[in-house]
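Below is one structure, written out as structure tokens, with a few remarks after it.
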Amino acid sequence: MILAELDPPEICKLAGLNRAFRIASLADNLWKSKLPSNYEFLMERVLGEPVGYLTKKEIYARLCRPNAFDGGTKEVWLDKVSAKMYLSISSKALKITGMDDRRYWNHIPTGESRFNTVAYLQQIWWVELVGEIEFEFLLPGKYSLFFRLQLGKTLKRFGRRVCDLGRVHGWDIKPVRFQLSTSGCQEATSECYLHDPGNWVHYHAGDFIVENTHMPSRVKFSMVQIDCTHTKGGLSVDSVLICPSKRIESRSSQIT
């Protein structure tokens, strides 16, 4: 069958050509072949939605949208073409040392985060952010974990984006250490200086391998700069991104 060899966007384009393609494009068997084998875990256990009354095409479309869970602090979605999974974790889901003291950290609203809020550091000696997630990854393979950070605080002034860099300091003295570990005893560590003030950057913490997609994988991750010889400040923390590995380095980004 021709449609089975195409990716989902191409199937939808062909469906508009004539009635025969349109009918064929709705077949459950066609869309089931595009879904990860354990898609029911994501629909029922994570999103809390039964799959019985939905067509496979409707399920695919639903999973390709950002789907919030855990009180809106996490989102998961599939790539429309490859069905590979992406997972984003809000700063509100992280344990941040000093977060309960407004002299150090605050949550501030912003339209530059998919969660509409970021954690902003005024100034502190000890920077430590820790997170953890247990999840059934839908496809086997290598995954990468990134912290999405920005030096500076984004503001709107006269309708234009500006970034307040007034409190940015201390990040050029010692590097930040990123770490991750998994329940399968995998570990990764990386260090780098934070850079590119005024722009969102994805900092690569490390990679891990998923082999069994029908068993939950626990991933722990952290970001620390605990050299107490100097203070650090002016940092915006948006989220943590887990995605299929693509051989990419830390990069500037304006996307959410």
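Read-outs: derived from the displayed coordinates by stated rules, not from any lab. No experiment lies behind these values; they were computed from the predicted model shown. Don't worry about glycine lacking a Cβ; one is built from the backbone with ideal geometry, like all the others, and counts go over all protein chains shown.
Per DSSP helix of 4 or more residues, -39500 (n - 2.57); summed, then divided by the residues of the chain. What does that give at 222 nm, rounded to the nearest 500?
-2500 deg cm²/dmol
Grab the other residues whose beta carbon is less than 13 angstrom from that of VAL130, score K and R as +1, D and E as -1, and report the net. The partial results should precede the final answer.
On the way: positive: LYS95, ARG177, LYS220; negative: GLU128, GLU132.
Every neighbour counted, the sum reads +1.
Treating the beta-carbon of each Lys and Arg as +1 and of each Asp and Glu as -1, no other charges, what is the dipole magnitude of the chain about its Cα centre, to the nearest 20 debye?
Roughly 840 debye for the chain.
How much net charge surrounds LEU139 when only the other residues with a Cβ under 13 Å from the Cβ of LEU139 are counted, with Lys and Arg +1 and Asp and Glu -1?
The answer is 0.
Calculate the length of the line joining the C-alpha centroid of the range 1-80 to that of the range 88-137, in whole Å.
Between the Cα centre of the range 1-80 and that of the range 88-137, the gap is 32 Å.
Where nothing but the Cβ of Lys and Arg (+1) and of Asp and Glu (-1) is charged, how large is the charge dipole of the range 2-65 around its Cα centre, in debye to the nearest 20?
On the way: 10 positive and 8 negative charges, 38 e Å.
Approximately 180 debye in magnitude.
Within a Cβ distance under 11 Å of GLY170, other residues only, what is the Lys/Arg minus Asp/Glu net charge?
Net charge around GLY170: +1.
Once you've got the GNM for the chain with C-alpha springs shorter than 10 Å, pick whichever of GLY52, GLY131, GLY234 has the biggest mean-square fluctuation.
GLY52
Pop out the ³J(HN,Hα) list for the range 107-113 in order, Karplus 6.51 cos²θ - 1.76 cosθ + 1.60 with θ = phi - 60°, rounded to Hz; leave Gly and Pro as x.
My calculation for the range 107-113 gives 8, 10, x, 6, x, 8, 10 Hz in order.
Kindly flag which residue pairs out of LYS13/LYS56; LYS74/LYS174; LYS92/LYS153; LYS95/LYS142; LYS32/LYS80; LYS92/LYS156 have an alpha-carbon separation exceeding 20 Å in this structure.
With Cα atoms farther than 20 Å apart: LYS74/LYS174; LYS95/LYS142; LYS92/LYS156.
Pick from TYR143, TYR120, TYR193 the residue whose mean-square fluctuation is largest in a GNM of the chain, springs joining Cα atoms under 10 Å.
TYR193
Between VAL130 and GLU58, what length in nm is gained on full extension when 0.36 nm per residue of separation is reduced by their alpha carbon distance?
22.3 nm
Tell me which aspartates and glutamates have Cα within less than 19 Å of LYS246's Cα, excluding those fewer than 8 residues away on the same chain?
ASP79, GLU187, ASP207, GLU211
Putting +1 on Lys and Arg Cβ atoms and -1 on Asp and Glu Cβ atoms, find which of ILE23, ASN38, LEU63 reaches farthest to the positive end of the dipole of the range 2-65.
ILE23
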